[in-house]
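Below is one structure, written out as C-alpha cells, with a few remarks after it.
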Amino acid sequence: MVEEINNNSFKKARVLFKEIKEKIETEKYKPNVLEFEKAIQKLVEEYNTANWENRFVVGGALEILFCVLLKSLGFRCKWLKEARYDIDVNEIKFSLKSNFVGGGDIRLINILGGERAIWEEPTLFFISGVGICYADPQMNLKTKHTSDALVISMKELKKLFENYKEWVILLSIPRKSKNSKEIRTASYDVAKSILEEINSEYLKRYINEI
C-alpha cells in the first residue's frame with residue numbers, strides 16, 4: 001500500500017515537473033526566468049560555497065528564489081522548513097539539491113554513524129552546465145552510503161538526463177568560481193545588518209575592521 005501511494009505521488013510530481021518545464025521554456029515567461037538566472041548568478045558568485053557556512057545559506061536562498069519564480073509563473077508554492085522536503089508546489093512536495101561544480105556526488109540525505117537512509121522524495125537538481133533536472137527513486141538510479149550521507153553521483157544523474165531530455169529544464173545554473181578573491185560570508189552580513197537596524201553607535205564603527 002505504501003509503495004502504491006509513493007508511485008502515485010511520483011506520477012503526480014512528474015506531471016507537475018513537465019508543467020513547470022513547459023512554462024519556464026515558454027517565451028512569455030522569458031523575463032521572469034532571466035531575472036531568476038541573474039539572481040542565482042549573483043548568489044553563487046558572492047556567497048561562494050567554498051566557504052562551508054555559505055552552503056546552507058545558498059541552499060536556503062536558492063529554495064526561496066525558485067519558489068518566487070514558480071509563484072511568478074502562476075503556481076502555488078510554499079517554502080517549507082522540513083527535514084526532507086524544501087518546497088510545496090500545488091500541494092506536491094519536492095526536495096531541492098544543487099551542484100555548482102558539475103561533478104562529484106550530491107548529498108541526498110545526511111545521516112549519523114551507521115544509520116541507513118532511503119531516498120523517498122521527488123527531487124529537483126540544480127546542476128551547473130545542465131539546468132534544473134527532475135529525478136525520483138522509481139527511476140532506477142544507484143545511490144550509495146558514505147560515512148555521513150546517502151549520495152548519488154553526478155555521472156549517474158547525467159546518464160539519465162542525457163538520455164531523457166524531458167527531465168531537464170534548460171536554464172543557466174552558474175558554476176562556482178575556484179579562485180574567488182573575496183567571498184562574502186552570511187554571518188558577517190547578518191551581523192552588519194543587525195547593527196544597522198538597531199542604529200548602532202559604538203559597535204558599527206568597528207564592523208569593517210573584522
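Any chance you could check the Cα centroid distance between region 107-124 and region 55-76 for me, in angstrom?
Here the two parts' Cα centres lie 22 Å apart.
Please state, as a whole number in µm²/s, the translational diffusion coefficient that the Stokes-Einstein equation yields for the chain at 10 °C and 1.306 mPa s, with Rh defined as the Kirkwood radius across alpha carbon pairs.
Translational diffusion coefficient: 85 µm²/s.
Give the lysines reachable from Lys204 as a straight Cα distance under 17 Å; neighbours fewer than 8 places away on the same chain don't count.
By straight Cα distance, Lys204 reaches Lys192.
Taking the simple approach of a point 7 Å from Cα along Cα-to-Cβ for both Ser172 and Asn208, what is their distance in nm?
According to this spin-label approximation, the distance is 3.2 nm.
With respect to the cross-link table entries Lys71/Lys178; Lys18/Lys42; Lys38/Lys165; Lys12/Lys159, which display a Cα-Cα separation exceeding 29 Å?
Listed pairs above 29 Å: Lys71/Lys178.
Kyte-Doolittle cut-off -0.5, length cut-off 20 Å along the helix's own axis using Cα: show which whole DSSP H helices in the chain pass.
52-72
For Lys71 and Ile183, compute 0.36 nm times the residue count separating them, minus their Cα-Cα distance, and round to one decimal in nm.
My answer for the length gained is 37.3 nm.
For the chain, give the share of DSSP beta bridges that are antiparallel, in percent and rounded to the nearest 5; count only bridges with both residues there.
If I count the DSSP bridges inside the chain, around 80 percent turn out antiparallel.
Neighbour counts of other C-beta atoms within 10 Å: give me Thr123, Thr143 arranged from fewest to most.
Fewest-to-most Cβ neighbours within 10 Å comes out as Thr143, Thr123.
How many nm is it between the label spots at Lys144 and Ala117, if each spot is 7 Å from the Cα in line with the beta carbon?
About 1.6 nm separates the two model spin labels.
Per 0.36 nm of contour for each residue apart, how much would the distance between Thr26 and Arg107 grow if the chain were fully extended, relative to their Cα-Cα spacing?
26.0 nm
Choose one of Ser193, Ser128, Leu80: the residue whose Cα lies farthest towards the positive end of the charge dipole of the chain (beta-carbon charges +1 Lys, Arg; -1 Asp, Glu; about the Cα centre).
Ser128
Subtract the Cα-Cα distance of Lys18 and Trp52 from 0.36 nm times their separation in residues, and report this length gain in nm to one decimal.
8.9 nm
Which residue, Val130, Val44, Val15, has the most motion in a Gaussian network model of the chain that connects Cα atoms within less than 10 Å?
Val15
Every read-out reported here was derived from the displayed coordinates using simple, explicitly stated rules and does not represent laboratory data. Remember, it's a predicted structure, so these values are computed and weren't measured experimentally. Quick reminder, even Gly has a Cβ in these numbers, built from the backbone with ideal geometry, and neighbours come from all protein chains shown.
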